[in-house]
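Here's the structure we're looking at; comments come further down.
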Amino acid sequence: MQRVLITGGAGFIGQNLVHAWRAARPDDRLMVLDAMTYAANLRSLEPLIADRSIQFVKGDIGDAALVRLLFDEHGFTRVAHLAAESHVDRSIVDPEAFLKTNVLGTFTLLQAALDAWRSSDLIGCARFLHVSTDEVYGSLGPGDPAFSESSPYRPNSPYAASKAASDHLVRAFVTTYDMPAMITNCSNNYGPYQHPEKLIPLMIIHAVEGKPLPIYGDGSNIRDWLHVSDHCDALMSVIERGRIGETYNIGGGNEQNNRDVVGAICDTLDDAFADDPRLAARFPSCPAAKGAACRSLIGYVTDRPGHDHRYAIDAAKLAAELGNRCSVGFEHGLRQTIRWYLDREDWWREVTSGGYKAWIDRNYGFRVAV
Ligand code: NAD
Ligand code: TYD
């Protein structure tokens, strides 16, 4: 039985990880520590908190006194560190929070874990997993080989730079203090519970509401889409069986440009509306409700500054050492994800109330058609 701390467990990947962990390892004790920023939502965890299958603490990873108290009281043997500011566009508009949480917050958490594990006999058996991104490696050209664990760090956005800094801190703690830590760098995730500021849920929700679908630049930018369930399986493998001090890249083996992703979302929605007449009554503003194509909503807008052209992950090390391979194909995963957002209007209405509208005005208000 492990005592597990999941930071950022009320975010997109965190919620999925909590459910996956609960299902795979029912005897472990799980605690979620989350500051409940705009990106967090507890709906899916509420039943687990209510029946005490997990504990939840609202708090900041940068609050040293709180984090130390939690380590002292709960004697965590596993830490899955996902808490972060995670949206590139927000980091461009306002980078400070990224430095505070991703760099200083990670430092505070590392220091607390190290001190607690050193002052007990846990240092020999405890493990700290730092969840990071492929964006630390920068941007690939069209013919470049995919990122491997030895690719140089070349972050281009404040978000990527803050995650790169946190990776370097983890590495330094391993080499300097023998911290039992590992790093994972994954590609773009998609699936249930993703905040509607990110590409795939934003496009689904805009399409069903009949709003423009804003593709940055010419839409040729490529991402390697990874279903969140495959990511969570890989995270659980790495934290249990990964080698301490190592980095593992996790990818979807599925490169797609943004034009094709948005086109696929539109076509899948058209088909869903054609198959299920009840959708037209629920989402009357969607073009598909009147038999028109959702693609009619696509527009090309001012590009993101410093927009990385291409990410691709070489996940051979993960497969060779731990046996993890993706099991969710993109077509199937996207259809399932779209179905989830169609069925969970209650969830995204709640998430898109309040501050979300102000963000949409701020991020898209200045963009013009290109
Ligand atoms: P998210 O933005 O959906 O969730 C982040 C969570 O962290 C939120 O619940 C938020 O409240 C919490 N948080 C933020 N600041 C905090 C603080 N100071 N203290 C405690 N909690 C805080 O992000 P996500 O998409 O679930 O990403 C999780 C991790 O995976 C992040 O570290 C991110 O960098 C990494 N990652 C994500 C992706 C992706 O495609 N989503 C890809 C690569 C890496
Ligand atoms: P995003 O989901 O923000 O993830 P990341 O920037 O971490 O890759 O964006 C994915 C891609 O989609 C990225 O190339 C930017 C692009 N994009 C748009 O074209 N329009 C949008 O409104 C958003 C949010 C993203």
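Using the crude model of +1 on Lys and Arg Cβ and -1 on Asp and Glu Cβ, and no other charge, please compute the dipole size for the stretch 290-370 relative to its Cα centre, in debye to 20.
240 debye
How far is it, in nm, from the label point at Asp267 to the one at Ala316 when both lie 7 Å from their Cα along the line to the Cβ?
So the two model labels end up 3.2 nm from each other.
Shape verdict for the stretch 1-114, please, from the Cα gyration tensor: rounded (a/c under 1.5), prolate (a/b greater than b/c) or oblate.
oblate
Which of rounded, prolate or oblate describes the stretch 22-81 when judged by the alpha-carbon gyration tensor and an a/c cut-off of 1.5?
Verdict is oblate for the stretch 22-81.
Using +1 at the C-beta of Lys and Arg and -1 at the C-beta of Asp and Glu, which of Leu82, Gly141, Val67 has the Cα lying farthest in the positive direction of the dipole of the stretch 34-148?
It is Val67, whose Cα lies furthest towards the positive end.
Considering the chain, which cysteines have no disulfide-compatible partner, defined as another cysteine with its Cβ under 4.7 Å away?
For the chain, the answer is Cys125, Cys186, Cys232, Cys286, Cys326, because their Cβ atoms have no other cysteine Cβ under 4.7 Å.
For the chain, the longest stretch holding no trypsin sites (Lys or Arg not before Pro) located in a DSSP loop with at most 14 other Cβ atoms within 10 Å is which?
Counting at most 14 other Cβ atoms within 10 Å as exposed, the longest clean stretch of the chain is 53-242.
What does a probe at Glu345 reach in the stretch 204-232, counting residues whose amide N is under 14 Å from the point 7 Å along Cα→Cβ?
Hits in the stretch 204-232 for Glu345 at 14 Å: 205-210.
What is the sum of charges around Leu42, taking Lys and Arg as +1, Asp and Glu as -1, for the other residues whose C-beta is under 11 Å from the C-beta of Leu42?
Neighbour charge sum, excluding Leu42 itself: -1.
Step through the table entries Lys58/Lys100; Lys100/Lys357; Lys211/Lys357; Lys163/Lys211; Lys58/Lys211, compare each Cα-Cα distance with 23 Å, and write down the pairs that go over it.
Lys100/Lys357; Lys163/Lys211; Lys58/Lys211
Hand me the chymotrypsin sites (Phe, Trp or Tyr not before Pro) from the stretch 317-370 located in a DSSP loop with no more than 12 other Cβ atoms within 10 Å, in residue order please.
Phe366
Please give the contour-minus-distance gain from Lys100 to Ser327: 0.36 nm per residue of separation, less the Cα-Cα distance, rounded to one decimal in nm.
Values: separation 227, 0.36 × 227 = 81.72 nm, distance 3.56 nm.
The Lys100-Ser327 span can extend by a further 78.2 nm.
Rounding to the nearest 20 debye, state how big the charge dipole of the chain is about its Cα centre with +1 on each Lys and Arg Cβ and -1 on each Asp and Glu Cβ. Numbers along the way, then the final one.
On the way: 37 positive and 46 negative charges, 64 e Å.
So the dipole magnitude of the chain works out to roughly 300 debye.
With only alpha-carbon atoms counted, please give the Rg and Dmax of the chain, in Å.
Rg then Dmax for the chain, in Å: 20.4, 66.
For the stretch 158-259, which GluC sites (Glu not before Pro) are both in a DSSP coil and crowded by at most 15 other Cβ atoms within 10 Å? Walk me through the numbers on the way to the answer.
Numbers: sites: Glu197, Glu209, Glu240, Glu246, Glu255; in loops: Glu197, Glu209, Glu246.
Here the GluC sites (Glu not before Pro) that fit, given the DSSP loop and packing criteria, are Glu209, Glu246.
Rounded, prolate or oblate: which fits the stretch 272-318, taking a ≥ b ≥ c as square roots of the Cα gyration tensor eigenvalues, rounded meaning a/c under 1.5, else prolate when a/b beats b/c?
Details: a/c = 4.36, a/b = 1.80, b/c = 2.42.
Oblate, since a/c reaches 1.5 and b/c is not below a/b.
Considering only Gly365, Asn254, Ser296, whose Cα is most displaced toward the positive end of the charge dipole of the stretch 231-370, charges sitting on Cβ of Lys, Arg (+1) and Asp, Glu (-1)?
Result: Gly365, furthest along the dipole toward the positive end.
In whole percent, and with a 1.4 Å probe on the protein chains, what portion of the accessible area of the chain is carbon and sulfur? Intermediate values should be presented prior to the final figure.
On the way: 7850 of 15130 Å².
Reported share for carbon and sulfur atoms: 52 percent.
Could you give the size of the charge dipole of the stretch 41-85 about its Cα centre, using +1 on the Cβ of each K and R and -1 on the Cβ of each D and E, expressed in debye and rounded to the nearest 20? Write out the running numbers ahead of the final one.
Working: 5 positive and 7 negative charges, 26 e Å.
It comes to approximately 120 debye.
How far is it, in nm, from the label point at Val57 to the one at Arg25 when both lie 7 Å from their Cα along the line to the Cβ?
Placing both labels 7 Å along Cα→Cβ, they lie 1.8 nm apart.
With the other protein chains left in place, how much accessible area per residue, in square angstrom, belongs to the stretch 191-314 at a 1.4 angstrom probe?
Computed with neighbouring chains in place, this is 35 Å² per residue.
Efficiency by 1/(1 + (r/R0)^6): what FRET value for Ala281 and Gln336, r their Cβ-Cβ distance, R0 = 25 Å, to the nearest 0.05?
With a Förster radius of 25 Å, E is 0.65.
The values are calculated or read from the model by the stated rules, or taken from the named source; none is laboratory data. Since this is a predicted model, take the numbers as computed values, not measurements. Don't worry about glycine lacking a Cβ; one is built from the backbone with ideal geometry, like all the others, and counts go over all protein chains shown. Side chains included, ligands, DNA and RNA excluded: accessible areas come from the protein's heavy atoms. Shrake-Rupley method; radii C 1.70, N 1.55, O 1.52, S 1.80 Å.
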